[in-house]
Amino acid sequence: MVLPDITAFFDEPTNTVSYVVACPETQMCAIIDTVLNYDPDSGRTSTAGAEEIMTFLDYNGLKAEWILETHVHADHLSAAPFLKQKTGAQTAIGSHIRMVQDIFGKLFNAGSAFKHDGSQFDHLFYDNETFKIGQLEARAIHTPGHTPACMSYVIGDAVFVGDTLFMPDYGTARADFPGGDARTLFQSIQKLFQLPSNTRVFLCHDYLAPGRSEFTWETTIGAQKAHNVHVHEGINEEAFVAMREARDATLALPHLILPSVQVNMRAGDMPPPEDNGQRYLKIPIDAL
């Protein structure tokens, strides 16, 4: 088996980790869960983080084949359009993006011009669909619960799980967003637990669990099964659902959920300009 070379890029303002996953034999790569820098106070955006990824690709002679999203993120805006323009790579997400677009297209009153068919992305993955990154074998696994469209990507000896799991000392994703479900999340995690115990697990976020002073985002399936504080072996579905629903009821919404979702459901594109040529992000009042 060809094993991937994996490089992480951490965006501390959103606690988000993006990845470049490269085939050492062909120099082809995938870019996973990119971040567009966004200042909610001014409405200004910046591609500084994405440019860092481009500098890395250029320096190492890498060519991107894929720009993968694990889900429609609620905590940061995607830089996929910028990176697609720079690299020519295909953008991709899980096929259940259509459900997310239906839910949030209505919430933001996106209008008839906004398509709910996932066509903003170049490719929609179905559960257990296989693909390649150079000579790397890859597989998409539908892991809903946090959102309906969550996908995990198994690439060589690694799996990229988005928000489904955090580090073992921090636990699991919330499941109270529209279309989320704690029971479904538990079942998705059990699918991931069927992977070999030595499978490397790469996370989309780290929030520094109490008692830990350094950010980290790599663990293993074995460590998750043995030590995850929410869902280790021995925790049954009913106990997990009760814990997750009670915990979610205490959580504030992510700071950037409103700008993030209406951009990310469009594959990272901003809403279309209005008749004055200006683009706007909407803030629905008393809706969430």
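S197 meets the conditions (1) modelled with pLDDT of 95 or more; (2) of a type outside the set (A, V, I, L, M); (3) under 19 Å from M243 (Cα atoms) in every case but one. The failed one is (3).
Scanning region 227-245 for residues that are of a type in the set (A, V, I, L, M), free of Cβ contacts under 8 Å to residues at least 12 places away in the same chain and part of a helix (DSSP H, G or I), we see that the one that is surrounded by the fewest Cβ atoms within 10 Å (Cβ to Cβ) is A242.
All conditions in (1) under 25 Å from L107 (Cβ atoms); (2) surrounded by 16 or more Cβ atoms within 10 Å (Cβ to Cβ); (3) of a type in the set (A, V, I, L, M, F, W, C) hold for W217, with the sole exception of (1). Among the residues of region 38-70, those identified as touching a residue at least 40 places away in the same chain (Cβ under 8 Å) and farther than 14 Å from K132 by Cβ are Y38, P40, G43, G49, E52, I53, F56, L62, E69, T70. Residue check, T130 against (1) among the β-branched types (V, I, T); (2) under 19 Å from I221 (Cα atoms); (3) in contact with a Lys or Arg (Cβ under 6 Å, 6 or more places away or on another chain), all met but one. Which one? Of the numbered conditions (1) among the β-branched types (V, I, T); (2) under 19 Å from I221 (Cα atoms); (3) in contact with a Lys or Arg (Cβ under 6 Å, 6 or more places away or on another chain), the odd one out for T130 is (2).
Each row is one residue, and each column tells you yes or no for (1) touching a strand residue (DSSP E or B) at 6+ places or on another chain (Cβ under 9 Å); (2) among the basic types (K, R).
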{"position": "L124", "(1), (2)": "yes, no"}
{"position": "G156", "(1), (2)": "yes, no"}
{"position": "V159", "(1), (2)": "yes, no"}
{"position": "T164", "(1), (2)": "yes, no"}
{"position": "D169", "(1), (2)": "no, no"}
{"position": "D176", "(1), (2)": "no, no"}
{"position": "R212", "(1), (2)": "no, yes"}
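Looking at region 255-270, which of its residues are in a loop (DSSP other than H, G, I, E, B), of a type outside the set (A, V, I, L, M, F, W, C), in contact with a helix residue (DSSP H, G or I) (Cβ under 8 Å, 6 or more places away or on another chain) and crowded, with 17+ Cβ neighbours inside 10 Å? So that I can check it myself, show each step before the final result.
Residues of region 255-270 that are in a loop (DSSP other than H, G, I, E, B), as a first pass: 255-256, 265-270.
Pick out the ones that are also of a type outside the set (A, V, I, L, M, F, W, C) and you get 255, 266, 268-269.
Then drop every residue that is not in contact with a helix residue (DSSP H, G or I) (Cβ under 8 Å, 6 or more places away or on another chain), which leaves 268-269.
Scanning region 255-270 gives a single hit, G268.
Can you tell me which residues in region 152-169 are surrounded by fewer than 19 Cβ atoms within 10 Å (Cβ to Cβ) and either closer than 22 Å to A30 by Cβ or touching a Phe, Trp or Tyr at 6+ places or on another chain (Cβ under 7 Å) (or both)? Can you show your working first?
Within region 152-169, the first condition is being surrounded by fewer than 19 Cβ atoms within 10 Å (Cβ to Cβ), and the residues that meet it are 157, 169.
Listed by number, the list holds a single entry, D157.
Test L208 against the criterion of being assigned to a helix (DSSP H, G or I), of a type in the set (A, V, I, L, M, F, W, C), in contact with a Phe, Trp or Tyr (Cβ under 9 Å, 6 or more places away or on another chain) and without any contact (Cβ under 8 Å) to a residue 60 or more places away in the chain, and give yes or no.
Numbers: assigned to a helix (DSSP H, G or I): no; of a type in the set (A, V, I, L, M, F, W, C): yes; in contact with a Phe, Trp or Tyr (Cβ under 9 Å, 6 or more places away or on another chain): yes; without any contact (Cβ under 8 Å) to a residue 60 or more places away in the chain: yes.
Against the criterion (assigned to a helix (DSSP H, G or I), of a type in the set (A, V, I, L, M, F, W, C), in contact with a Phe, Trp or Tyr (Cβ under 9 Å, 6 or more places away or on another chain) and without any contact (Cβ under 8 Å) to a residue 60 or more places away in the chain), L208 does not qualify.
Sub-6 Å Cβ pairs linking a first residue in region 109-134 that is surrounded by fewer than 12 Cβ atoms within 10 Å (Cβ to Cβ) to a second residue that is of a type in the set (S, T, N, Q), at least 6 apart or interchain, are Y126/S95, ordered by first then second residue. Answer yes or no: is there a residue in region 103-116 that is of a type outside the set (S, T, Y), part of a loop (DSSP other than H, G, I, E, B), on the phi < 0 side of the Ramachandran plot and touching a strand residue (DSSP E or B) at 6+ places or on another chain (Cβ under 8 Å). Looking through region 103-116, none of the residues is of a type outside the set (S, T, Y), part of a loop (DSSP other than H, G, I, E, B), on the phi < 0 side of the Ramachandran plot and touching a strand residue (DSSP E or B) at 6+ places or on another chain (Cβ under 8 Å).
The values are calculated or read from the model by the stated rules, or taken from the named source; none is laboratory data. Keep in mind that this is a model prediction, so the values were computed, not measured. Neighbour counts run over all protein chains shown; Cβ positions are idealised from the backbone, glycine included.
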